[in-house]
Amino acid sequence: MTTEAAPQTSTPEDVARPEALTPEVRLKLYETMVLSRTYEEAILREYHADKGPGFDIGKGLVPGEMHLSAGQEPVAAGVCAHLSTDDAVTATHRPHHFAVAHGVDLKKMTAEIFGRETGLGKGRGGHMHLFDPDTHFSCSGIIAEGYPPALGQAFAFKRRGTTDIAVAVTGEGAANQGAFHESLNLAASWKLPVVFVVEDNEWGISVPRSASTAIASNADRAAAYGIPGERVENDVEAVYDAAARAVRRARAGEGPSLLEVHTLRMWGHFEGDAQGYRPELADVNKHDPIPAYEQRLRDEGLLDDDKVDEVKRLCSSAVEDAVTFAKGSAIPDPSTATHYVFA
Amino acid sequence: MTMTEAPQATRRLSTSKAMVEAIAQEMERDPSVFYLGEDVGAYGGIFSSTTGLLDRFGPERIIDTPISETAFIGLGIGAAVEGMRPIVEVMFTDFMGVCLDQLYNHMAKIHFESGGNVKVPMVVTMAAGGGYSDGAQHSQCLWGTFAHLPGMKVVVPSNPADAKGLMTSAIRDDSPVVYIFHKGIMGLAWMAKNPRNVDEVPEGEHVVPLGKANVVRTGSDVTVVTLSLSVHHALDVAEKLAPEGIDVEVLDLRSLVPLDREAILESVGKTGRLVVVDEDYQSFGVSGEVVATITDHDPGMLRVPVKRVAVPDVPIPYAHDLEYAVLPRHDRIEAAIRASV
Ligand SMILES: Cc1ncc(C[n+]2csc(CCOP(=O)(O)OP(=O)(O)O)c2C)c(N)n1
């Protein structure tokens, strides 16, 4: 990110970060997932509110493509629980769950999605192009192209003598791009503090992983670059544990790791995708990871009705505040359309 | 608009259906033609460039690929070198960034480097253009960039019949052809409707030669040279201005390489006034090349300075009002025409 004199709040001495799955951590994982889902549901609602008659993708308060991440919350929650906002995250065209989990300001992000002057990119970027220097968060709409910049952020952190790390995210479809493999090799040979995350939701738009990828687990590809590779299911605690190992290794200066999560795209590739190509569609909601985790925490006495209501209420009010903020913010003045091309 | 000899039966088709029809007819005619790319099978192409083809021709000839543009464009090149006629889809022109080497250093240069001994008869299809808030990485035209790089032909249809006729020519061409369709001309149900996106299309074989521009509206006061979706906007404006006595000629370039310089000279020779409308970036591109076509020949042909209506060298903004401020829409085209007559 281009913040000047980025604060160096972490040093090799404070490598130790909370890793144990304490009740507080588990509740936090739950809350992060609920916040993310609440956010996506609100964006879904706002996105479709004014696309008619019929569906015109260019219409409405939130126009353009919209890739939502419902079902993939365990990945972002489990990984970002180990990060501070001094660590970098480069996300994909489906970025909201990572942005939420990494602590990107909801109001500024929502204003960006609504194309407002108060947005992260003053309305220039949109939902696939969120840049937040405060949390070292960014994303890209070009498949796998978030991987290479993460190397540079990690490089800068290392050069400055911090233990900050970069987390790079792609989908499993993106793992067949050159940028993915080039990045793994370079980061491995330079021992850069990067955690490479692959979200395997089994679909690259309409193409199933089995039709695009020669092997069953992208974690196996780590072997080709001499780094650890792990694949876990869409269980936020499993992600949390695996991410702890990868993050610890990166902060300790031992180099990158690859973590693939076998996750779930609950909704279409983008909004408006009828998903006719998807045979298992009817079963998708049964695998929603959030009710499953909620039940587990209830069974273990960490959650009850009151606590669940409270979490949902707080998430909902944060999200609705963000939406209200966005809707109330100024639309950029067309006479400024050519601004910001150069520094 | 058909260049074939006998008049043919027509029916009304959307641009995407017309394009698909040409591909299907060529696949019937020539077993070496196949189509590959992302989501071209069961999905039918994100912008309906292959709807129904999987059912008709099966997965051996309509092939979904991994998201590996460098690999599958290279595959197309290799297959073409061996005598097949691949059509390879890059979902958006914007994605050329991940695979440009195969396109401009290989596909476009092999014929030259081999002294003409090796042919690369392939078509690369790409969707282009903005107007629906898809942001800076999914809204570019970039046809000027391809046209700038020697060795590939660049086709830019604006309407259903041309989409068919130009596709037929592209597939039969022995050189690589980049066939760029603006999303806004395809007649997609989920995008802004445009009345000219559905029109009469000849039923049988329909060939529109590459390098022949088309006067889509004759006029005497000013020439608008344009391409793709901007042709529609230019026609709308021309119709609006006609009652005021402003008589606009609209020239649809149809292809950038080859560029029909004769047609540009002929029209501007008649009107003496030129407006170039291009949805690509303004500088170092198509609009400048059109102007140079005149000035290289005879700057004295121009009675007034040229007006260019293009994207003012800024990435395409996301927010609707910002995006529409930089796109060559009706308001800017109208202002340019009024300023030149
Ligand atoms: C280089 C490039 N090629 C193609 C695309 C079009 N595209 C956008 S998302 C997508 C599928 C990505 O699949 P995956 O990486 O598995 O992520 P998911 O969408 O499942 O989250 C494709 C092909 C793109 N954005 N960039």
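The values are calculated or read from the model by the stated rules, or taken from the named source; none is laboratory data. Just so we're clear, the structure is a prediction, and the values are computed from it rather than from any experiment. Neighbour counts run over all protein chains shown; Cβ positions are idealised from the backbone, glycine included.
All but one of (1) away from the ligand (no atom under 13 Å from the Cβ); (2) touching an Asp or Glu at 6+ places or on another chain (Cβ under 8 Å) hold for B:MET91, so report the exception by its number.
(1)
I need the full set of residues from the stretch B:221-260 which are of a type outside the set (Asp, Glu) and part of a strand (DSSP E or B), in order please.
Those that are of a type outside the set (Asp, Glu) and part of a strand (DSSP E or B): B:VAL222, B:THR223, B:VAL224, B:VAL225, B:THR226, B:VAL248, B:VAL250, B:LEU251, B:SER255, B:LEU256, B:VAL257.
Considering only residues that are closer than 24 Å to A:ALA179 by Cβ and in contact (Cβ under 8 Å) with a residue 60 or more places away in the chain, look in the stretch A:96-116 and name the one that is farthest from the other protein chains (Cβ to nearest Cβ).
Here the answer is A:ALA101.
Of the residues that sit in the stretch B:33-55 and are within 10 Å of chain A (Cβ to nearest Cβ) and on the phi < 0 side of the Ramachandran plot, which one is surrounded by the fewest Cβ atoms within 10 Å (Cβ to Cβ)?
By that ranking, first place goes to B:ALA42.
Looking at this structure, is B:GLU89 more than 14 Å from chain A (Cβ to nearest Cβ) and among the charged types (D, E, K, R)?
The answer is no for B:GLU89.
Select, from B:GLY184, B:GLY204, the only residue that is over 21 Å from B:ILE264 (Cα atoms) and either among the acidic types (Asp, Glu) or within 14 Å of chain A (Cβ to nearest Cβ) (or both). Explain how you work it out, then say what you get.
Values: B:GLY204 fails: either among the acidic types (Asp, Glu) or within 14 Å of chain A (Cβ to nearest Cβ) (or both).
Selected residue: B:GLY184, the only one of B:GLY184, B:GLY204 that is over 21 Å from B:ILE264 (Cα atoms) and either among the acidic types (Asp, Glu) or within 14 Å of chain A (Cβ to nearest Cβ) (or both).
Considering each residue of the stretch B:307-341, count those that are buried (at least 21 other Cβ atoms within 10 Å of the Cβ), among the aliphatic types (A, V, I, L, M) and within 21 Å of A:PHE342 (Cα to Cα), and give that number.
Residues that pass the stated criteria total 8.
Which condition number does B:SER14 fail, the rest of (1) of a type in the set (Gly, Ala, Ser); (2) more than 19 Å from the chain's Cα centre (by Cα); (3) surrounded by fewer than 23 Cβ atoms within 10 Å (Cβ to Cβ); (4) more than 16 Å from the ligand (Cβ to nearest atom) being met?
Status for B:SER14: all satisfied but (2).
From the list B:GLY165, B:GLY151, B:GLY144, B:GLY135, exactly one residue is in a loop (DSSP other than H, G, I, E, B) and in contact (Cβ under 8 Å) with a residue 60 or more places away in the chain. Which is it?
B:GLY135
Scanning for something aliphatic (A, V, I, L, M), within 16 Å of the ligand (Cβ to nearest atom), buried (at least 19 other Cβ atoms within 10 Å of the Cβ) and not in a helix (DSSP H, G or I), does the stretch A:214-228 turn up at least one residue? If you could, list the steps in order and put the result at the bottom.
Of all residues in the stretch A:214-228, those aliphatic (A, V, I, L, M) come to A:214-216, A:219, A:222-224, A:227.
Checking the rest, the ones that are also within 16 Å of the ligand (Cβ to nearest atom) come to A:214-216, A:219.
From what is left, the residues that are buried (at least 19 other Cβ atoms within 10 Å of the Cβ) are A:219.
Adding the requirement that they be not in a helix (DSSP H, G or I) leaves none.
The answer is no; no qualifying residue exists.
Only one of these is within 14 Å of another protein chain (Cβ to nearest Cβ) and either among the basic types (Lys, Arg) or away from the ligand (no atom under 15 Å from the Cβ) (or both): A:GLY121, A:GLY152. Name it.
A:GLY121
Applying the selection to the stretch B:97-130, what residues are crowded, with 21+ Cβ neighbours inside 10 Å, within 16 Å of the ligand (Cβ to nearest atom) and not small (Gly, Ala, Ser)?
Listed by number, the residues that qualify are B:VAL98, B:CYS99, B:GLN102, B:LEU103, B:VAL124, B:THR125, B:MET126.
Going by the conditions given, is B:VAL314 within 14 Å of another protein chain (Cβ to nearest Cβ), out of contact with any Leu (no Cβ under 7 Å at 6 or more places or on another chain) and at pLDDT 95 or above?
When the stated conditions are applied, B:VAL314 passes them.
Just to be sure, is A:ALA322 within 14 Å of chain B (Cβ to nearest Cβ), in a helix (DSSP H, G or I), crowded, with 17+ Cβ neighbours inside 10 Å and out of contact with any Gly (no Cβ under 6 Å at 6 or more places or on another chain)?
no
Hey, does the stretch B:56-76 have a residue that's away from the ligand (no atom under 16 Å from the Cβ), touching a residue at least 12 places away in the same chain (Cβ under 8 Å), surrounded by 21 or more Cβ atoms within 10 Å (Cβ to Cβ) and among the polar types (S, T, N, Q)? Before you say what the answer is, go through the steps one by one.
Applying the first criterion (away from the ligand (no atom under 16 Å from the Cβ)) to the stretch B:56-76 yields B:56-62.
Still in the list and also touching a residue at least 12 places away in the same chain (Cβ under 8 Å): B:56-57, B:59-62.
From what is left, the residues that are surrounded by 21 or more Cβ atoms within 10 Å (Cβ to Cβ) are B:62.
Narrowing further to those that are among the polar types (S, T, N, Q): none.
Within the stretch B:56-76, none of the residues are away from the ligand (no atom under 16 Å from the Cβ), touching a residue at least 12 places away in the same chain (Cβ under 8 Å), surrounded by 21 or more Cβ atoms within 10 Å (Cβ to Cβ) and among the polar types (S, T, N, Q).
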